[in-house]
Amino acid sequence: MNEWLRRIIVLILVGFGIFTIARIIFSFQLFDFRLYYEGARAAILSNDPYSVQGVIYPPLTLVLLSPLAALPVGLAEDFWTLGSVFALIGLIVLILKSVDMDVGWEKVATIFGLALFSFPFKFTLGMGQINLCVLFLSCLTFFWYRKEKPWSAGFVLALAATLKVTPVLFLLFFLRKKQWAASASFLLSFLSFQLAGLLLLGFSVTKEYWLKIFPAIPTVGNGIYYNQAVTGWLARSGVDGSISKVLLYGLLAVLIFGTWRMIKPGRHAATRELLEFGLVSLVILLGTGLVWQHHYVLSLIPFLGIIFSLPDTSQNLRRWIQLGLVACYILIAWNIKLSAAFSSWPLNLFLSHVLYGGVVLGSLSILLLRPKKTLIE
């Protein structure tokens, strides 16, 4: 492609991203952020934060968000949006540095623009979700791992899992890599964070979260279009909720076992390890109970892992993988505005298009991780 044409396309993508950010700041109320905000305010006032309907985050998360709750809600929303945007830019830089690639403005701008052109990123910003903060911490975990800073990697992962529990599955990566220091750091830090939440918010609030709020999360909103978890697909297929839950846990066990087998113990090439780390992120997306479209910002890790691995593949295979990546991007980035038109079976199965994109993304990752000479070693 002509260099100037490529740069024009990149600038258009970035311009669209900036327009999206400006529109969110000036025109949107951040629904999910306002839940965090009200929950954090309740925590500040020593009230039960889980009396605020919709608050499902761990106790210490609400404590960490309390400085924003001291601000007027509109100003707090603007700070939150800008912080999420900087987190996106930062995590792109971290991934590039983790695989020893040059951090050129075109690379960062292209990834940034394509991300914000997709619905999961627009959705997470428009709702004020915490996903980009968690994704930034997950990428920082991988960065510290690659820089051989296991205690820092474990600490940062524990912080990510404290904000939102699902990143705890990245511990699988450390254990398979026999990173005992990183694993110990994670466990000690995570327990310390939970103890801090217990001391700051009290036993009753902590007990309510772990015994009442957290167990209910996997079955919330199974039939809603924006739920792109396997439970959403099962609900649209008419499977009973109790059976769906059993199937989900069985699938999670299979995904964990399969991912464990795909990850090579010990240290290997940076691109291979990014693929392995991305495969764990797909376990989170495909094997947990409530995965809305905005959670698919996490798919950026396997996307980049696959893209950065392409130079190490045969030309014929590369073409097929590139086609697969385009298909994945369309499936994941797409949003069906008139979802009611797909309300009856089997048309309603089209509503799980993001899930299908995740499955294809996982298949491409496994294809690249297979021990063949024509693939990445």
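Cross-link partners for LYS97 among the lysines, with Cα-Cα distance under 18 Å and sequence neighbours closer than 8 places in the same chain left out: LYS107, LYS147, LYS149.
Under the simplified labelling scheme, the ILE89-ALA196 pair shows an inter-label distance of 2.7 nm, with each label point 7 Å from Cα along Cα→Cβ. Estimated from the Cβ-Cβ distance and a Förster radius of 51 angstrom, the FRET efficiency linking TYR249 and GLU3 is about 0.50. With R₀ fixed at 45 Å, the C-beta to C-beta distance from ASN47 to LEU188 puts the FRET efficiency at about 0.90. For the range 1-218, the relative contact order works out to 25 percent when only alpha carbon pairs closer than 8 Å and six or more residues apart are counted.
With the helix formula -39500 (n - 2.57) applied to DSSP H stretches of n ≥ 4, the chain reaches a computed 222 nm mean residue ellipticity of -22000 deg cm²/dmol. Checking the cross-link pairs LYS122/LYS245; LYS212/LYS245; LYS164/LYS207 against a 23 Å limit on the alpha carbon distance flags LYS122/LYS245 as lying beyond it.
Each label point was placed 7 Å from the Cα along the Cα-to-Cβ direction; for ALA181 and SER204 their separation is 4.5 nm.
What does the C-alpha gyration tensor say about the overall shape of the chain? Classify as rounded when a/c is under 1.5, otherwise prolate if a/b is larger than b/c, or oblate. Since a/c stays below 1.5, the shape of the chain is classed as rounded.
Each reported figure results from applying straightforward, stated rules to the coordinates on display, with no laboratory input. All of these numbers come straight from a predicted model, not from anything done at the bench. When we count neighbours, we look across all protein chains shown, and the Cβ atoms used for this are built from the backbone with ideal geometry, even at glycine.
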